[in-house]
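All remarks here apply to the structure that follows.
The values are calculated or read from the model by the stated rules, or taken from the named source; none is laboratory data. Please read these numbers as outputs of a predicted model, since none were measured by experiment. Here the Cβ is made from the backbone with ideal geometry for all residues, glycine too, and neighbour counts use every protein chain on show. SASA here: full protein model, heavy atoms, side chains in, ligands and nucleic acids out. Shrake-Rupley method; radii C 1.70, N 1.55, O 1.52, S 1.80 Å.
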Amino acid sequence: MNFDAIFESQLDRLREAGNYRYFADLERHAGRFPHALHRSGDSEREVTVWCSNDYLGMGQHPDVLAAMEQAIRQHGAGAGGTRNISGTTHAHVKLERELADWHGKEAALLFSSGYVSNWTSLSTLGSRVPNAVILSDANNHASMIEGIRHSKADYRIFRHNDPEDLDRHLAALDPALPKIVAFESVYSMDGDIAPIAEICDVAEAHGAMTYLDEVHAVGLYGPRGGGVAEQRGLMDRLTVIEGTLGKAVGTMGGYIAASASLVDFIRSFASGFIFTTALPPALAAGALASIRHLKASEIERQGQRVRVQQLRRALDRAGIPHMPNESHIVPVLIGDAQKCRRISDWLLEHHAIYVQPINYPTVPQGTERLRLTPSPHHGEAEIAALVDGLSELWSQCALARQPVAA
């Protein structure tokens, strides 16, 4: 059996469809965000990154770097293994306490990534709660979908951000069955925000627990950066809040925050937690410093909101269509995988702008896009350069423009 031939034939089909994923060789430099060094062959040059999920630039904040450097000197590089055997350090304990406080919950539990925290928590809840039925938003992230599938629990998919459809699904179930409603606050590809209060209303009416993914919201919304649920005063109505340390917090890792009993339940039964190496103490220390800063500082959030508004206005003036939403994510629709790839390549080669094309299966075919994430560190010059480059390409690719705003 020629296994490589099987692999190559499927990779060729990806390339032909324009969905093959190329990795840009980028090197971030502390103090230069959102600029990075791009290497291609023997050449290298500085580019502006427009698609980072380090939404606030906290990955290079002096407080975060100092905390990580001190932790490395004090504790060494690794955690020493799993939390269960040798990996729990006081840095983990302090960070989990801080996360629980951030979300107004009794306890929190760390994982190696946001993907793992979703996959592990939902799979454990679905498999260990007898006869559980999971109600999942149609646009939920792959990590949530895989966790639900792995649980082998019965599940229903309700229409995206549609409390009425959720209510219909719940009403059709036996009232005695335990039910879990899983959804996100900010959906990362369209940038839309869930009607959290209305979903909680429906879930509570049917005695269902709620599981909210806030990975694209923590650090960015609310008076202390606790997410959209904090911004809207809804944290106490959510059974589980899941988040990440790898986006606005600027480091790496994932977590859940919930009641002490639920957290202990996941800690005790989740194989994705029990059998994996713990986060290095330096990452925990860096995340702790970042969260403490974001709890007290509005500067980064305010700066980001200003840049998002400036970018949207500049795109409007150039007639570049972008999806309207309430969030910090600015999706620029292309609608064609090949053109999306070419535009991304051209921006990098001719304008020193890096923005990764978003194609199927991340988004449905025909909705390919560039997903722009302005940070407080993008200046007016960077915005102007991006919009000029896009405007040039819109003409070259004969893409439709929206009516130009006055």
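Take Ala217 and tell me if it is in a helix (DSSP H, G or I), surrounded by 24 or more Cβ atoms within 10 Å (Cβ to Cβ) and either without any contact (Cβ under 8 Å) to a residue 40 or more places away in the chain or of a type outside the set (Phe, Trp, Tyr) (or both).
no
Collect the residues in region 368-405 that are acidic (Asp, Glu), in a helix (DSSP H, G or I) and under 27 Å from Ala17 (Cβ atoms), keeping them in residue-number order.
Glu392
State all residues of region 377-406 that are under 30 Å from Gly31 (Cβ atoms) and either in contact with a His (Cβ under 7 Å, 6 or more places away or on another chain) or open to solvent by 30 Å² or more (accessible area, probe 1.4 Å) (or both); if no residue qualifies, say none.
Hits for region 377-406 are His377, Glu380, Ala381, Glu382, Ala384, Ala385, Asp388, Gly389.
Scan region 319-327 and give yes if some residue there is at pLDDT 95 or above, under 20 Å from the mean Cα position of the chain (by Cα) and under 22 Å from Ala24 (Cα atoms), otherwise no.
No - not one qualifying residue is present in region 319-327.
Can you tell which of Ala91, Ala71 is aliphatic (A, V, I, L, M) and in contact with a His (Cβ under 8 Å, 6 or more places away or on another chain)? Explain how you work it out, then say what you get.
Numbers: Ala71 fails: in contact with a His (Cβ under 8 Å, 6 or more places away or on another chain).
When all the criteria are applied, what remains is Ala91.
Which condition number in (1) surrounded by 17 or more Cβ atoms within 10 Å (Cβ to Cβ); (2) among the aliphatic types (A, V, I, L, M); (3) not in a helix (DSSP H, G or I) is the one that Leu122 fails?
Result: Leu122 passes all but (3).
In this structure, does Phe23 turn out to be at pLDDT 95 or above and under 28 Å from Val363 (Cα atoms)?
No.
Counting residues that are within 18 Å of the chain's Cα centre (by Cα), which helices (runs of 4 or more DSSP H) fully inside region 251-305 reach at least 1? If you could, list the steps in order and put the result at the bottom.
Working: elements: 260-269, 271-274, 281-296.
Counting at least 1 such residues, we get 281-296.
Residues being in a loop (DSSP other than H, G, I, E, B) and open to solvent by less than 10 Å² (accessible area, probe 1.4 Å): count how many of those fall in region 353-367.
2
Out of Pro321, Pro281, Pro223, report the one residue that is open to solvent by less than 10 Å² (accessible area, probe 1.4 Å) and either in contact with a strand residue (DSSP E or B) (Cβ under 8 Å, 6 or more places away or on another chain) or not polar (S, T, N, Q) (or both).
Pro281
For region 10-39, how many residues are among the polar types (S, T, N, Q) and over 15 Å from Ser344 (Cα atoms)?
1
Where residues in region 134-156 are more than 21 Å from the chain's Cα centre (by Cα) and among the aliphatic types (A, V, I, L, M), which of them is farthest from Val363 (Cα to Cα)?
Ala153
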